[in-house]
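Everything on this sheet refers to the single structure shown next.
The values are calculated or read from the model by the stated rules, or taken from the named source; none is laboratory data. Worth saying up front: this structure is predicted, and the values here are computed from it rather than measured. Here the Cβ is made from the backbone with ideal geometry for all residues, glycine too, and neighbour counts use every protein chain on show. Remember, those area values only see protein heavy atoms, side chains included, never the ligands or the DNA or RNA. Shrake-Rupley method; radii C 1.70, N 1.55, O 1.52, S 1.80 Å.
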Amino acid sequence: MEKNEISPSIEILIIGGSAGSFEVLLQIVPSLKLDIKFAVLIVLHRKNNSNISIADLFSKKTAIPVFECEDKDNLLPGNIYFAPPDYHLLIEKDRTVCLDYSEKENYSRPAIDITFKSASDIYKEKTAAILLSGANRDGADGLKYISQNYGTTIVQDPKEAEISTMPKEALKIFEPDYVLRSKDIIALINSF
Amino acid sequence: MITADVVGDEDLELLLTEVASVYGYDFTEYSKASIKRRINRICLIDKHKSFAELRYKVLNDQSYLSRFIEEVTVNVTEMFRDPTFYKTLKEKIIPQLGVNPFIKIWLAGCSTGEEVYSISILLHEANLAHKAIIYATDINPTVLEKAKTGIYPINYMKFYTENYQNSGGTEDFSNYYSANYDHVSFREYLRKNIIFSTHNLVSDRSFNEFQLIICRNVLIYFDKVLQDKVFNLFDGSLETLGYLALGSKETIRFSNLNQTYKQIEKEKIWKKTR
Ligand SMILES: C[S@@+](CC[C@H](N)C(=O)[O-])C[C@H]1O[C@@H](n2cnc3c(N)ncnc32)[C@H](O)[C@@H]1O
């Protein structure tokens, strides 16, 4: 299911994940080449545990600078950002972060759908997005929306995903550009 | 399914400008990304099929205004949200406030009151409530009415009790309310030292001087220019050596207050040094 045409230059890569995706990120993040030309934004369903800093945790695994977003932070190319727990994350035209503490969507805050939609509205065809393992259907609609706006869409192969519900929900409603296992996801990102 | 927005960027500008001139509620300096999402959400929920339809309703139906404001100004809140924040308040800030003969606190953007009852509980536990007064304000009169009742769904209490305990609370949390069927009422004495009032951070001025100002998860809805104005309002309303507390992902880093305020540990609490 690989696409042959050359993908347009990517300005942002968003990775959405829920249950079972943390381990996948622990494979992906350390394998990213250090001079990535785009911002990487990771939206993960996780507990609001303020004792552990996810940015510190991942900083130990890569030389790419890793941050957990605060309100109004700039999303700069070459960095990795995590959405903070318990806020939705939207993006402004000037590529700054806009946090929102409103109702959960798909029983989730942050909701992957919300960030996917927002990014697609701002970065249009220069958006790339990956949907990983998870137990609900958050992210499916947003990924389809990105695809409709000519962004690049990737779904983790349900056969590999620890919990395949989330990838499967996406595959039910549209055909993404790629359905890949983690090692191929890494190779693809490094080719952007 | 996610569909393209009914209300685009230019529509948004137009509507917000008109709402400001017709009703005096100025949302033109709110964060674009989130207010745009809220307004498109209203269109989805209330089934406005076009921008024109929404605009007509908002500008011609006065009774729809409160619905509009309620949706635009997100009012989600919790008791003892971010337990470590409350822990720091309890251990580091409130004892400091206690040295004053009289304690004045401003809680801006109090929504339906969960936060202000949490603070009131801390003051009672520190035996300072008798000399404290909390001004709890919000732009939205509807949420304030709810806040005044102190009535909340009973099924949230398990979660709030956990938050309370994680913040260092050692009392039996259920002593603070009485339960009736599906809801609870927080005790009258917790309300005694609270004054509820409308106050719009965009257009209203300073009304007192405080030793502690708490404004959490409100500034995320404002753009940087408006944030700066509100920071100045807070600065003008805070005594020297007073404290400013913000939401867990908000910061004064981008503002000129950064020079004269000192952060307390890692929490989003700053002390005004001069
Ligand atoms: C997300 S709630 C935060 C509630 C609470 N402080 C917390 O952190 O849980 C935001 C609140 O800010 C209020 N608000 C929005 N714009 C405002 C303004 N211009 N002036 C005063 N309050 C405002 C809203 O009505 C809402 O109750």
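The modelled label-to-label distance for the pair A:LEU57/B:LYS57, using points 7 Å beyond Cα in the direction of Cβ, is 4.2 nm.
For region B:146-155, 3J(HN,Hα) computed residue by residue from phi via the Karplus equation (6.51, -1.76, 1.60; θ = phi - 60°) reads 5, 4, 4, 6, x, 9, 9, x, 5, 6 Hz, glycine and proline entered as x. Whole-Hz Karplus values for region B:11-16 come out as 4, 4, 4, 4, 4, 5 Hz, taken residue by residue from phi with 6.51 cos²θ - 1.76 cosθ + 1.60 and θ = phi - 60°; glycine and proline positions read x.
Determine the dipole magnitude for region B:83-272: charges of +1 sit on the beta-carbon of Lys and Arg, -1 on that of Asp and Glu, nothing else is charged, the reference point is the Cα centre, and the result goes in debye to the nearest 20.
380 debye
Here the sum of -39500 (n - 2.57) over DSSP H runs of 4 or more residues, divided by the residues of chain B, equals -11500 deg cm²/dmol at 222 nm, to the nearest 500. Annotation: A:ARG181 carries an accessible surface of approximately 100 Å², with a 1.4 Å probe and no ligand, DNA or RNA atoms counted. Here the accessible area is traced with a 1.4 Å probe on the protein chains. For the protein assembly as shown, carbon and sulfur cover 51 percent of it. Classify region B:69-116 from the C-alpha gyration tensor, please: rounded if a/c falls under 1.5, else prolate or oblate depending on whether a/b exceeds b/c. Oblate is the answer for region B:69-116, as a/c is 1.5 or above yet b/c matches or exceeds a/b.
The largest accessible area among B:THR170, A:THR152 belongs to the first residue in B:THR170, A:THR152, and the rest follow in falling order (1.4 Å probe, all chains). Taking the charge dipole of region B:9-72 about its Cα centre, with +1 at Lys and Arg Cβ atoms and -1 at Asp and Glu Cβ atoms, the residue from B:ASN60, B:SER21, B:ILE42 reaching farthest to the positive side is B:ILE42. Going by accessible surface with a 1.4 Å probe and the largest first, B:ASP9, A:ASP177 read B:ASP9, A:ASP177. Amide hydrogen proximity for B:TYR135: with H placed 1.01 Å from N in the peptide plane, the residues at 5 or more positions away or on another chain lying under 5 Å are B:ILE105, B:TRP106, B:LEU107, B:ILE195. Remark: region B:206-214, residue by residue, has Karplus-estimated 3J(HN,Hα) of 5, 10, 5, 10, 10, 9, 8, 10, 10 Hz, where x stands for each Gly or Pro and the curve is 6.51 cos²θ - 1.76 cosθ + 1.60 at θ = phi - 60°. Here the simple spin-label model places points 7 Å from the Cα toward Cβ, and for B:HIS183 and B:ASP9 these points are separated by 4.4 nm. Between the listed residues A:LEU131, A:GLN156, A:CYS69, the Cα displaced farthest toward the positive end of the dipole of chain A, a dipole computed from Cβ unit charges relative to the Cα centre, is found at A:GLN156.
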